[in-house]
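Take a look at this one; I'll ask things after.
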Amino acid sequence: MAYRETATVISKDKIAGDVYDIWFETEKIAQEAVPGQFVLVYSKDKARLLPRPISVCLTEGNKLRLVFRAVGEGTKEFSEFETGDKVEIQGPVGHGYDLSNKKKALIFGGGIGIPPMLNLAKELDCEKQIVLGYRDELFLNEEFEKYGQVYIATEDGSCGTKGNVLNAVDELGLDADVLYACGPMPMLRAIKNYAIAHDKEAYISLEEKMACGMGACLSCVCKSKEVDGHSKVKNKRVCTEGPVFDAREVEI
Amino acid sequence: MAEANMKINIAGIEWKNPVTVASGTFGSGMEFSQFFDLSKLGAITTKGVAITPWEGNPTPRMAETRGGMLNAIGLQNPGLDTFIERDVDFLKAYDTVKIVNVCGHSEEEYVEAVERLATVDDVDMLEINISCPNVKEGGIAFGTQPEAARKITEAVKKVAKQPVIMKLSPNVTSIADMARACEAGGADALSLINTITGMKIDVNRRTFAIANKTGGMSGPAVKPVAVRMVYEVAHATSLPIIGMGGIASAYDALEFIMAGATAVSVGTANFNDPFTTLKVIDGIRQFMEEKGIKDLAEIRGCVG
Ligand SMILES: Cc1cc2nc3c(=O)[nH]c(=O)nc-3n(C[C@H](O)[C@H](O)[C@H](O)COP(=O)(O)OP(=O)(O)OC[C@H]3O[C@@H](n4cnc5c(N)ncnc54)[C@H](O)[C@@H]3O)c2cc1C
Ligand SMILES: Cc1cc2nc3c(=O)[nH]c(=O)nc-3n(C[C@H](O)[C@H](O)[C@H](O)COP(=O)(O)O)c2cc1C
Ligand code: FES
């Protein structure tokens, strides 16, 4: 069940180069959101009609935290929000992570795929190791330490393992039964292949361009291995059946 | 204050108000039903459906543009069997007119779909999307040649049980000729406009923003083109018109009605606000009450 709300900006911080951290006060959205779900944020400039999907980074009662990178017109507008601003949002949207797992977990976050993993790391009740991959500048890494052992990989080698999250796994000899990942497509592909090669369960969060953000327009599909029960073709809606998928059920 | 009569009648089917949704922007209403009671709509128009499931186009399938968007979904649909079992069944619970939008790759596919739908109760009207690629004619849409449009209208009308709305593409030299061709073929009503073919290039990636290269443009940015076309069609035929293209407010809808439309559809604006249709319905009622308009016929085509 998704809600349309006018949320209020409680605080805004810049936590890295172009990365912003905003807390909103919501009516129901924060209470109902689970890890892996996202919300739709609408521009005040109505020439930008379509919502921007942003993952739930954390919730606290009726407070919702979004962490995003300002990459284009819409997210630049959001980066200029001020405390007290009223913002149209809709959600929570999508199918999040299954939290029933009790087996040893490896949580991977890459770049701007890191924020949603904070909520997962907080809510998942099992032994957890967390591997965060950055280009160079770190953000949110200290907050993850509350929830598990944190390992870092940076492309430029300025912190932790030089390279990507799987380089860190190799270098440090990390191992677990279940993998969770959100990040750029090459990383997700590598983790899917790793999971298959090592016979592990893996759950990955996908991105696709969205128009309705609620399952009605069929803009946001990904390719599925089997015929999907809703679409009756090998397409699944990232906004509805996803964004979190079993890595084995999607072709990426 | 005048009691506003919002009822309209298209080809013998009464709608409680003149507002429906544009095909493809509302699914079959399931997702929107979490936000409001679908019975408040004059009609529900479903996403295009064909006799067999269609995969649609590769992604990205859409790109935002200023005041609008491009889409190339490629008419992904689950096929008529699932559609009838699941979607038509879902819609039964709602007290509103049900319009099924039909697509096909060939005349035979359209005819087969319409024949199949003739046996289905709870479908009140058919909307025939003739902007689909005609595989037999090398991918050219039925919707761009008057003769092809007349033929397909005739073929569909022969087997249809429900009134037939022919949906016109704006990507033509003369929309009036297309409208007259559908009228000659026996259409009961017309709807327009479908999307306008456009293109967006992602400068950073140095390639097309959508995988299909071109996409159909919709949203507020297309409204003036749509209003002009509704006006031309209203003057070219005597068929009732369902007007659409960029409607996001009651005033937008009223423009179409004053240009000659009997009803209107809200499409892309649903993506900005799922409650847009309700706001349009309330806004039209309020306008009628404030201006002492008792029946929409008083302002339909009033611009002359
Ligand atoms: C499920 C999901 C969760 C996401 N979570 C986050 C998050 O927590 N933090 C964050 O920084 N970003 C997140 N993103 C990416 C974010 O939605 C885009 O960066 C944002 O839409 C860009 O909008 P813009 O107007 O700034 O950019 P523009 O490039 O100007 O946007 C133009 C259009 O493309 C769409 N678009 C552009 N990039 C993306 C993208 N990567 N994915 C989907 N649509 C895109 C926009 O929504 C808009 O419709 C998420 C995307 C998805 C699909
Ligand atoms: C995502 C999307 C999907 C669409 N799918 C269909 C379709 O299946 N059949 C059809 O006849 N028109 C389809 N259309 C066209 C709309 O019904 C409508 O004619 C057009 O978008 C103009 O109205 P608007 O500006 O209010 O959206 C689609 C439009 C969009 C944006
Ligand atoms: S964005 Fe419309 S179906 Fe996913």
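Just give me the residues in region B:20-78 being among the hydroxyl-bearing types (Ser, Thr, Tyr), away from ligand 1 (no atom under 16 Å from the Cβ) and touching a helix residue (DSSP H, G or I) at 6+ places or on another chain (Cβ under 7 Å), in sequence order.
Across region B:20-78, the qualifying residues are B:28, B:46.
Also, quick follow-up: From the list A:91, A:96, A:110, which residue is modelled with pLDDT of 95 or more and more than 22 Å from residue A:32 (Cα to Cα)?
When all the criteria are applied, what remains is A:110.
Looking at (1) of a type outside the set (Val, Ile, Thr); (2) away from ligand 3 (no atom under 16 Å from the Cβ); (3) touching a helix residue (DSSP H, G or I) at 6+ places or on another chain (Cβ under 9 Å), can you tell me which one residue A:37 breaks?
Condition (2) is where residue A:37 drops out.
Are any residues in region A:197-237 in contact with a helix residue (DSSP H, G or I) (Cβ under 8 Å, 6 or more places away or on another chain) and within 16 Å of ligand 2 (Cβ to nearest atom), and if so, which ones?
A:211, A:212, A:213, A:214, A:216, A:217, A:232
Taking only region A:220-252 into account, find how many residues are within 7 Å of chain B (Cβ to nearest Cβ) and in a strand (DSSP E or B).
Adding up the residues that qualify gives 2.
Let me ask something additional. Taking region A:220-236 as the search range and keeping residues that are away from ligand 1 (no atom under 11 Å from the Cβ) and within 19 Å of residue B:23 (Cβ to Cβ), which one is nearest to the chain's Cα centre (by Cα)?
Out of the qualifying residues, it is A:221.
Of the residues that make up region A:91-105, is at least one under 23 Å from residue A:201 (Cα atoms), free of Cβ contacts under 8 Å to residues at least 40 places away in the same chain and part of a loop (DSSP other than H, G, I, E, B)?
For region A:91-105, residues under 23 Å from residue A:201 (Cα atoms), free of Cβ contacts under 8 Å to residues at least 40 places away in the same chain and part of a loop (DSSP other than H, G, I, E, B): present.
Among residues belonging to region A:200-219 that are among the charged types (D, E, K, R) and either closer than 12 Å to residue A:178 by Cβ or at the interface with chain B (Cβ under 10 Å from one of its Cβ atoms) (or both), point out the one that is most open to solvent (accessible area, probe 1.4 Å).
The residue in question is A:209.
Can I ask one more? Out of all the residues in region A:145-165, which are open to solvent by 30 Å² or more (accessible area, probe 1.4 Å) and under 20 Å from residue A:104 (Cβ atoms)?
Within region A:145-165, A:145, A:146, A:147, A:149, A:151 meet the criteria.
Right, another one. If you go through region A:119-139 one residue at a time, how many are over 21 Å from residue A:161 (Cα atoms) and among the aromatic types (Phe, Trp, Tyr)?
Of the residues in region A:119-139, 0 are over 21 Å from residue A:161 (Cα atoms) and among the aromatic types (Phe, Trp, Tyr).
Per-residue answers, yes or no, for (1) more than 14 Å from every other protein chain (Cβ to nearest Cβ); (2) under 13 Å from residue A:26 (Cβ atoms):
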site	(1), (2)
A:43	no, no
A:64	yes, yes
A:74	no, no
A:82	yes, no
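Name the strands (runs of 3 or more DSSP E) wholly within region A:1-55 that hold at least 3 residues that are aliphatic (A, V, I, L, M)?
Answer list for region A:1-55: A:3-16, A:38-41.
Moving on to the next point. Considering region B:1-41 alone, what residues qualify as being within 14 Å of chain A (Cβ to nearest Cβ) and within 14 Å of the chain's Cα centre (by Cα)?
B:21, B:22, B:23, B:24, B:25, B:26, B:27, B:28
Just to verify a result, which residue in region A:46-62, among those that are surrounded by fewer than 18 Cβ atoms within 10 Å (Cβ to Cβ) and of a type outside the set (A, V, I, L, M), is nearest to ligand 1 (Cβ to nearest atom)?
A:46
Among the residues of region B:269-292, write down those that are surrounded by 20 or more Cβ atoms within 10 Å (Cβ to Cβ) and either out of contact with any helix residue (DSSP H, G or I) (no Cβ under 8 Å at 6 or more places or on another chain) or away from chain A (no Cβ under 14 Å) (or both).
Within region B:269-292, B:271, B:272, B:280, B:281, B:284, B:288 meet the criteria.
Tell me, which residue of region A:199-219 that is assigned to a strand (DSSP E or B) and more than 16 Å from ligand 1 (Cβ to nearest atom) is farthest from residue B:71 (Cα to Cα)?
A:201
Still on this structure, please answer the following. Within region A:168-178, identify whether any single residue is in a helix (DSSP H, G or I), outside the structural domain of residue A:38 (by TED's automatic domain parsing) and open to solvent by less than 10 Å² (accessible area, probe 1.4 Å), and answer yes or no.
Within region A:168-178 (the criterion being in a helix (DSSP H, G or I), outside the structural domain of residue A:38 (by TED's automatic domain parsing) and open to solvent by less than 10 Å² (accessible area, probe 1.4 Å)), the answer is yes, since at least one residue qualifies.
The values are calculated or read from the model by the stated rules, or taken from the named source; none is laboratory data. Every value quoted in this text rests on a predicted model; they were computed, and no experiment measured them. Here the Cβ is made from the backbone with ideal geometry for all residues, glycine too, and neighbour counts use every protein chain on show. Just so you know, the surface numbers come from the protein's heavy atoms only, side chains and all, with ligands and any DNA or RNA stripped out. Shrake-Rupley method; radii C 1.70, N 1.55, O 1.52, S 1.80 Å.
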